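The values are calculated or read from the model by the stated rules, or taken from the named source; none is laboratory data. The model shown is predicted, which means the values in this text are computed figures rather than measured ones. Backbone-built Cβ (ideal geometry, glycine too); neighbour counts: all protein chains shown. Protein only, heavy atoms only, side chains kept; ligands, DNA and RNA dropped before computing areas. Shrake-Rupley method; radii C 1.70, N 1.55, O 1.52, S 1.80 Å.
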Amino acid sequence: MLNDKYRILSTRHLTDSSVAVAGESGIHIDVQDFIQIKPLLNEALLGEEHMAQVFRPEAVHVFTSANAARILAKYYLHQDDTFYVISEPNICCISGSTRKAVENVFTDCKILAESPYGSELAKAIIQIGNIPSVNFFCGNIRRNELPDALQKAGIEVKEFVIYENIPAPAVTADDYDGVLFFSPSAVKSYLSANRLNSKTVCFAIGRTTATELRAHTDNKIIMSTDISEESMVQTAIFYFNNINCYE
């Protein structure tokens, strides 16, 4: 197996283990973050009184991104030398990396519903029944399908915007065999500064990212088998190891 037979770009940080796994299969991965995550101050989550109200025992908390869980833990569950312990919170979340991040933050959480996409997660929440309201932790750029569906079903959505997605476009000097895209905003950021070679394969983490890519390019788009970093890397490995099957 030849090293660096293929070169691909990841538009988001990858773990060292993911880069190493790809390298063992002859795929070199360059990493460049095309989106920066900036924590935002949300006064509705500051102080013991507010935290006690938001995280009351019967409350249901919704996460559609791993960033929301990480930001909540780092900047809100830790305040002024106080660590807020949330006992057995009720969680509804996107599966894959988002669920992993939530479970890292809330080790004893109860997962009431999960799904790979926001629209499907909303349906799962509605099907539970007897949920009058949810706390939705998100960034400044979030899709409307989930909150709109919940509100239409009579479920109040208390939205807590706790981080900002900031585009970080950068020119890449090389033509890559493939590019890994983890979000629609990363697609926009990358393409604002670069043009795809016609032979470059685009790997999308899910439907919404694939849809954004189709709006900008006619290049081949391969969707990951699951919405996780590991699945994205394995999808790329499988593609390049079996490239003749895709011709």
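Applying the Karplus relation 6.51 cos²θ - 1.76 cosθ + 1.60 with θ = phi - 60° to segment 211-225 yields 3J(HN,Hα) values of 4, 5, 4, 4, 6, 10, 8, 9, 4, 5, 10, 10, 8, 4, 6 Hz, where x marks Gly and Pro.
Note on segment 1-121: dipole from Cβ charges, positive end direction compared against Ile29, Pro116, Tyr84; the farthest Cα belongs to Ile29. Computed from the Kirkwood radius of its Cα pairs, the Stokes-Einstein diffusion coefficient for the chain at 20 °C and 1.002 mPa s stands at 111 µm²/s. From the alpha carbon centroid of segment 87-108 to that of segment 128-165 is 16 Å. The largest accessible area among Cys138, Cys109 belongs to the first residue in Cys109, Cys138, and the rest follow in falling order (1.4 Å probe, all chains). Amide H contacts of Val31 (H built 1.01 Å from N, in plane; Pro and chain starts excluded): Ser10 sit under 5 Å, all sequence-distant by 5 or more or on other chains. Evaluated with a Cβ-only charge set (Lys, Arg +1; Asp, Glu -1), segment 1-71 carries a dipole of roughly 240 debye about its Cα centre, given to the nearest 20. 3J(HN,Hα) along segment 183-188, derived from phi through the Karplus expression 6.51 cos²θ - 1.76 cosθ + 1.60 where θ = phi - 60°, amounts to 6, x, 5, 5, 4, 5 Hz, with x in place of Gly and Pro.
For segment 29-144, lysine pairs with C-alpha atoms less than 19 angstrom apart, excluding pairs fewer than eight positions apart on the same chain, total 4. One way to sum up the overall shape of segment 130-180 is the equivalent ellipsoid from its Cα gyration tensor, whose semi-axes run 36, 13, 7 Å, largest first. Sequence-ordered 3J(HN,Hα) estimates for segment 38-55 from the Karplus curve with 6.51, -1.76 and 1.60 and θ = phi - 60° stand at 10, x, 10, 7, 10, 5, 5, 10, 9, x, 4, 5, 5, 5, 5, 6, 5, 9 Hz, glycine and proline given as x. Report summary: the helix-based calculation at 222 nm, which adds -39500 (n - 2.57) for every DSSP H run with n ≥ 4 and divides by the residues of the chain, gives -9000 deg cm²/dmol. Dipole check for the chain: with +1 at the C-beta of Lys and Arg, -1 at the C-beta of Asp and Glu, and the Cα centre as origin, the magnitude is about 620 Debye. Based on the Stokes-Einstein relation at 37 °C and a viscosity of 0.692 mPa s, and on the Kirkwood radius from alpha carbon pairs, segment 179-247 is assigned a translational diffusion coefficient of 271 µm²/s. Legend: residues Lys100, Lys74, sorted from most to least accessible area (1.4 Å probe; ligands, DNA and RNA excluded), read Lys74, Lys100.
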